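First comes the structure, then the notes that go with it.
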Amino acid sequence: MNRFIFPTAQSENTVTVCITDVLGDKFCVVCEDGKRVYEHIAAVFNAGKRVRLSFKNGEDITSAFLAEAFFRLYANYPEELVDTSLSIADVNSDDAADIECIIQDVKDFLKNPQRFRDAIVAVMGEDSL
């Protein structure tokens, strides 16, 4: 995946969604905020445009925040559309690596959710679900 190395140039068919503008805050921590970012991206996708997701000035980017946004994207849109219509910008290398891992985990889960449920039950017991 090259979305971090070669971000999409801004064009009339690309809309920049800046997470700090969406959240009104620099902290990217809670799941609910990930949902809000997803809703902004979805609105742009639904308009037939690409998204340049900017993390400019974002801090404390957690896996819970990222997982919520990316899970919703990949659950509601074809993988190919998300992969070709979403680019990531203004993110440091550590956060970029975390984003890559979250995206891969989301894709793996959506391909075989039962495998993940079985692993949870094996480790934590049936009551954990």
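Please sort 85-98, 115-128 by packing, taking for each peptide the average over its residues of neighbouring beta carbons within 10 angstrom, highest first.
On the way: 85-98: 16.1, 115-128: 10.1.
So the order, starting with the most tightly packed, is 85-98, 115-128.
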Which residues qualify? For residue 54, with a placed amide H closer than 5 Å and at least 5 residues away or on another chain, they are 17, 18, 19, 89
Starting from the Cα-Cα distance between residue 110 and residue 14, subtract it from 0.36 nm times their residue separation and give me the gain in nm to one decimal.
31.9 nm
Nearest 10 degrees, 0 to 90: helix 31-46 Cα axis against the chain principal axis
50 degrees
At 1.567 mPa s and 4 °C, plugging the Kirkwood radius over alpha-carbon pairs of the stretch 45-101 into Stokes-Einstein gives what diffusion coefficient in µm²/s?
107 µm²/s
Separation of the residue 98 and residue 47 label points, Cα + 7 Å toward Cβ, nm:
2.9 nm
Mean ellipticity per residue at 222 nm, deg cm²/dmol - from DSSP H runs of n ≥ 4 across the chain, formula -39500 (n - 2.57):
-17500 deg cm²/dmol
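Run the dipole for the chain about the Cα centre, Lys and Arg Cβ at +1, Asp and Glu Cβ at -1, nothing else charged, and hand back the magnitude in debye, nearest 20. Working shown, then result.
Numbers: 13 positive and 22 negative charges, 97 e Å.
Here the chain has a charge dipole of around 460 debye.
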For the stretch 21-29, Karplus couplings with θ = phi - 60° (6.51, -1.76, 1.60), whole Hz, Gly/Pro x:
6, 4, 7, x, 7, 8, 8, 10, 10
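Once you wrap a convex hull around the alpha carbon atoms of the chain, what is its projected area averaged over all directions, in nm²?
Details: hull surface 33.0 nm².
Taking a quarter of the hull surface, the average projection is 8.2 nm².
Just so you know, all these numbers are worked out from the coordinates, no wet-lab data involved. The structure displayed is predicted, hence computed values, not measured ones. Backbone-built Cβ (ideal geometry, glycine too); neighbour counts: all protein chains shown.
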